[in-house]
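*Asks:* Structure below; questions to follow.
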Amino acid sequence: MEEKNYLLFYAKGISYNKEAVLAILSLLQVYKQEKISLFTIVIYSDTPELYTFLQKAVSIKIIPFSEKQIEQWSTGSKSFLRTKIAVIQEFLHTHKGNMLFVDTDVVFTKKIDYLFSCIEKGKLVLHVKENKLKTKGCYNNKAYYDSFSNKQFTLKSGRNIKVTGNSYMWNSGVIGIASAQAMLIQDVLNLNDELEKINPLKLVEQLSFSLIFGDNAVSAHRGIIHYWFSKEVVHPYIDEMLNSCPQDIDCLLEYISEKKLFSRTLAHKVYYELKPNNWLRLLVKKMQTNSFTYN
């Protein structure tokens, strides 16, 4: 099996698929007239027709899935995010090479070639290191600290994991790993299921990746904006954009450029609506201003 670089999305539902369209358009904006040849875009999607017009500009492989597959991926869990881990695991079982998974609610502001180079060298990739579980005032930290701190787990692989207040939570909106390290995804899945037994909190998937990858992870935040906290601002722009320029790539890219879509949506939400000492504002400030501009 030939080794390749893959950019992987998992999109279930129309809103997630529209986000993925925006993400791919941002990628075309970054690479401009250059052909994207270093990596192949792969999308697990239940709305494949949404990407037909984009396939004229860039190679996109669509992998459809059924409700039965979703049931298999979730194995009784109510968490959508568990299926994300299972999708990554399935993909790495059938594709050899370097995989960069991104949530659909991202936009690219820089080329991502360097991330594939990191993965090729054996590095693991996550989006950004957010904070320690014991840090007060951060998004839901108390619930995770109270539920899991000082718990120890022995995984099926034999690996021992202990959660402490000093354990870091990384954002898992970007996940990079080589197929040669695919066994780590089984560890993530195993730990996720153990954490869910204690308390099925929304971000146990993210905590699982943080604990398994964390010590060896590099950050992908310089050049990839993950707007999970700003969807209500971005979604109206996506709808307006797609309605204004139906299936016209040049028009869509011009719309993005004229509206300064990425910088406006993120900066407005973070820098103007949040208090100066808000943890989220401080986190995004950490992502560096030059993430908002194209190079």
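Rule-based calculations on the coordinates, nothing more; no lab input. Here the structure is a predicted model, which means the values were calculated and not measured. For neighbour counting, all protein chains shown are included, and Cβ atoms are generated from backbone atoms with ideal geometry for every residue, glycine included.
*Asks:* Which ordering of M99, M183, M241, M169 is given by a fewest-first count of other beta-carbon atoms within 10 Å? The partial results should precede the final answer.
*Replies:* Working: M99 27, M183 11, M241 20, M169 24.
Ranking M99, M183, M241, M169 by Cβ neighbours within 10 Å, fewest first, gives M183, M241, M169, M99.
*Asks:* Per-residue ellipticity at 222 nm for the chain, helices alone: DSSP H runs ≥ 4 residues times -39500 (n - 2.57), over residue total, nearest 500 deg cm²/dmol?
*Replies:* One gets -12500 deg cm²/dmol as the mean residue ellipticity at 222 nm.
*Asks:* At q = 0.24 Å⁻¹, what is the base-10 log of I(q)/I(0) for the range 128-195 according to the Debye formula with one equal point scatterer per Cα and no solvent? Please give it to two decimals.
*Replies:* Cα-only, vacuum Debye calculation for the range 128-195: -1.17.
*Asks:* Work out the P(r) tail for the range 151-268: percent of alpha carbon pairs separated by more than 24 Å, whole number.
*Replies:* 46
*Asks:* Something else now. Who wins for biggest fluctuation among F213, F148, F108 in a Gaussian network model of the chain, springs between alpha carbons below 10 Å?
*Replies:* Top of the fluctuation ranking is F148.
*Asks:* Let me know the charge dipole size of the range 4-225 about its Cα centre in debye, to the nearest 20, where only the beta-carbon of Lys, Arg (+1) and Asp, Glu (-1) is charged.
*Replies:* Using Cβ point charges on Lys, Arg, Asp and Glu, the range 4-225 gives about 500 debye.
*Asks:* If you take all C-alpha pairs in the range 4-225, what percent of them are over 29 Å apart?
*Replies:* That fraction is 25 percent.
*Asks:* What does DSSP give for the range 4-225 in terms of the percent of beta bridges that are antiparallel, rounded to the nearest 5? Don't skip to the answer; put the middle values down first.
*Replies:* Working: 16 of 34 bridges.
Once the DSSP bridges in the range 4-225 are tallied, antiparallel ones form about 45 percent.
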